[in-house]
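Asker: Have a look at the structure that comes next, please.
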C-alpha cells in the first residue's frame, strides 16, 4: 500500500488517496482466479482447468478485478488510516481512481474524530443536596409497610359507600335509552376514587348502600377510544351487591414482627432510619455524579460530526430494543401499544445523544492529558468481575470480548475519577418538612384478610393507600 496524498477538507473530513501497487494487486487477481475458476465452464477445458488468460479473453481482462479489489482494499484502507494518524468515526466513501498496469488506486473520503479541547476540568464546582432522615420519613416508610398489611372489612348493611371503598356491583349502560356494546357487567369490583371509570361515574356512587339500585348519568369524553360514544350522554343502571372498606393495622410491635425480623417497633424504626440514611446518601452521590458528568460535557470544545450523534442514537435505540425483547415485546409491538412513531422515539434519544458524545470525547482527551495507562492487571480484574457476574469462565469471556474495548472503557472510567476526585462539592442541606399527625384508624368487626396473589399485591397496596 502506498499513501499518495492526505487532504484535509472542510470540518472533520479527510480524503486519502491510496495505491495498491501492481505486483500486490496482481497477487489478489491471481487469488481470485484460483478461487473462482472451478465455477466457470470454458469450451474445450474441463471444469476448473481453464487457464486464466483464456477466461480473461472470453469474459474480459477485468473479470477477476472486482473480487480482487474487495480482497485488497480493506487492508490497504486500514494501513493508510494508521499511516495518516486519523481516527474514522463513520464508514468511508470510496471511489476508484484507476485500475491498470500501475495497480489499483482509490480515494477514501473519511469523517474523522474531531479535534477536542477540554477546559477547567479540575476544580469543577458541584452542589450536593443533603437530606437528613426525619421522623416523618420513618413514619412514611412505616405506613408503606402498614398499607401492605391492609385488610378489607365488611361494613354494616346500612353503611353508605365512601371514597376509597371497594364495591361489587352490576351495571348496564344506555345511550338514548339504547344499550351499547361493552357497557354491561355483573358483579364488577371497583375501588371508588381509582378513576377507572369515566369522570363522574364513581363520584355518583358515593352514598349508595348495599342492595340499592340507581342510575348514574355521565358524558363520555370527546377523546374516548370508542368512536360511537365520544361526547355522548349516557345512563348507567347500577345495583350494589357488596361494600368493603380498607382497614390498616396499628403501627406497633406486632406490625414490626409481621413485616421484619425485629421484635419491637423501636428496633424496626432504627433499622428503617439506618437504611433510609444509606439510601439518601447513595442518591446524593448519584446526583453529584450526574452533575459532574454534565460539567464534563460543558468542558468539551469540539465541532462534533452529525454522524457521531446519529451513531449514539443508534446505540441507544439498540439498547432499548434489547430491554423490550427481555420483557417479551418487539420494538414494533411497543410502538403499536404506545402509539408512537419510530422517528419520534429516535427524537427522544437524540435529546441526550450530543451530551453523551461530548462526555466521551472529553474523557478521552482527559485520559490523554493525564497520561492514563491501563495495566494488564486492571484488564484481568475487569474480566474476573465479569466472570463472577455472569458465571462464565474468564477464558471464554476473553474470546467473546474485545480487550481493546475494555481498555478504552477503563481509561474513560479513570479519567472520570480524576475529574470527580478534583471536584469541589458543597452541601446544600434540605430543610425538614414536618407533617401533621394523621388520625388513628378505628377498628371494625368482621375482618376479612385479603388473600393476595403476587400479581394482585400491588393493586391491594394501592387500595390501602387510598383509604387515608
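Read-outs: derived from the displayed coordinates by stated rules, not from any lab. As the structure is a prediction and not an experimental result, all values here were calculated from the model. Please note: Cβ atoms are built from the backbone with ideal geometry, for glycine as well, and neighbour counts cover all protein chains shown.
Asker: At what distance in angstrom do the alpha carbon centres of segment 111-187 and segment 67-100 lie from each other?
Answerer: About 57 Å separates the Cα centre of segment 111-187 from the one of segment 67-100.
Asker: Rounded, prolate or oblate: which one fits segment 291-429, using the alpha carbon gyration tensor with axes a ≥ b ≥ c (rounded when a/c is under 1.5, else prolate when a/b beats b/c, else oblate)? Please list the in-between numbers first.
Answerer: On the way: a/c = 1.93, a/b = 1.18, b/c = 1.63.
Taking the square roots of the gyration eigenvalues as a ≥ b ≥ c, segment 291-429 is oblate.
Asker: Computed over the Cα atoms, what is the radius of gyration of segment 2-113 divided by 2.2 N^0.38 Å, N being its residue count?
Answerer: Details: Rg = 17.1 Å, N = 112, 2.2 N^0.38 = 13.2 Å.
Against the compact-globule rule of thumb, the ratio is 1.29.
Asker: Among 15-21, 323-329, how do they line up from the highest to the lowest mean number of other beta-carbon atoms within 10 Å? Working shown, then result.
Answerer: Values: 15-21: 19.9, 323-329: 10.9.
Result, highest mean first: 15-21, 323-329.
Asker: For a quick check: sort 208, 58 by the number of other beta carbons within 10 angstrom, fewest at the front. Don't skip to the end; give the middle numbers.
Answerer: Values: 208 20, 58 12.
The fewest-first ordering by Cβ neighbours comes to 58, 208.
Asker: Relative to the longest principal axis of the chain, what angle (0 to 90°, nearest 10) does the C-alpha long axis of helix 65-84 take?
Answerer: That works out to roughly 80 degrees.
Asker: For the chain, take the longest principal axis of its alpha carbons; what is the angle in degrees between that and the long axis of helix 403-421, to the nearest 10 within 0 to 90?
Answerer: Long axis of 403-421 versus the principal axis of the chain: about 60 degrees.
Asker: Now a separate question. Can you bin segment 47-101 into rounded, prolate or oblate? Criterion: square roots of the alpha carbon gyration tensor eigenvalues sorted a ≥ b ≥ c, rounded for a/c under 1.5, prolate for a/b above b/c, oblate for the rest.
Answerer: Details: a/c = 3.39, a/b = 2.86, b/c = 1.18.
In terms of gyration-tensor shape, prolate.
Asker: Moving on to the next point. Using a 10 Å cut-off around each Cβ, can you sort 411, 330 from fewest to most neighbouring Cβ atoms? Show your work: numbers first, answer last.
Answerer: Details: 411 20, 330 11.
Least to most surrounded, the residues fall as 330, 411.
Asker: At a Förster radius of 60 Å, what calculated FRET efficiency corresponds to the Cβ-Cβ distance of residue 421 and residue 241, to the nearest 0.05? Intermediate results must be reported in sequence, preceding the final value.
Answerer: Working: r = 66 Å, r/R0 = 1.10.
With a Förster radius of 60 Å, E is 0.35.
Asker: Hey, another quick one. Under a point spin-label approximation (7 Å from Cα along Cα-to-Cβ), what is the residue 262-residue 314 distance to one decimal in nm?
Answerer: 5.4
Asker: What is the angle, in °, between the Cα long axis of helix 376-390 and the longest principal axis of the Cα atoms in the chain? Nearest 10 is fine, range 0 to 90.
Answerer: 40
Asker: Then there's this: Among 237, 356, what is the fewest-to-most ranking by other Cβ atoms within 10 Å? Numbers along the way, then the final one.
Answerer: Details: 237 15, 356 18.
Fewest-to-most ranking of 237, 356: 237, 356.
Asker: So if the hydrodynamic radius of segment 205-331 is defined as the Kirkwood radius over C-alpha pairs, what does Stokes-Einstein give as its diffusion coefficient at 4 °C and 1.567 mPa s, in µm² per second?
Answerer: Values: Rh = 22.9 Å.
In µm²/s, the coefficient rounds to 57.
Asker: Give the calculated FRET efficiency between residue 335 and residue 224 to the nearest 0.05, with a Förster radius of 22 Å applied to their Cβ-Cβ distance. Intermediate results must be reported in sequence, preceding the final value.
Answerer: Numbers: r = 23 Å, r/R0 = 1.03.
The computed FRET efficiency comes out at 0.45.
Asker: Now for a different question. Kindly identify segment 143-204 as rounded, prolate or oblate by the Cα gyration tensor criterion: order the square roots of the eigenvalues as a ≥ b ≥ c, call it rounded if a/c is under 1.5, otherwise compare a/b with b/c, prolate if a/b is larger, else oblate.
Answerer: Working: a/c = 2.55, a/b = 2.03, b/c = 1.26.
Here segment 143-204 falls in the prolate category.
Asker: By how many nm would the segment from residue 252 to residue 286 lengthen if fully extended, with 0.36 nm per residue of separation less the alpha-carbon distance? All intermediate terms of the calculation are to be shown ahead of the outcome.
Answerer: On the way: separation 34, 0.36 × 34 = 12.24 nm, distance 3.43 nm.
Here the segment from residue 252 to residue 286 would lengthen by 8.8 nm.
Asker: If I model the chain as equal point scatterers sitting on the Cα atoms and use the Debye formula, what is log10 I(q)/I(0) at q = 0.08, 0.13 Å⁻¹?
Answerer: Log10 of I(q)/I(0), two decimals: -0.86, -1.34.
Asker: Taking only C-alpha pairs under 8 Å that are 6+ residues apart, what is the relative contact order of the chain in percent? Mind showing how you got there, number by number?
Answerer: Values: 659 pairs, mean separation 91.2, N = 468.
Averaging sequence separation for qualifying contacts and normalising by length gives 19 percent for the chain.
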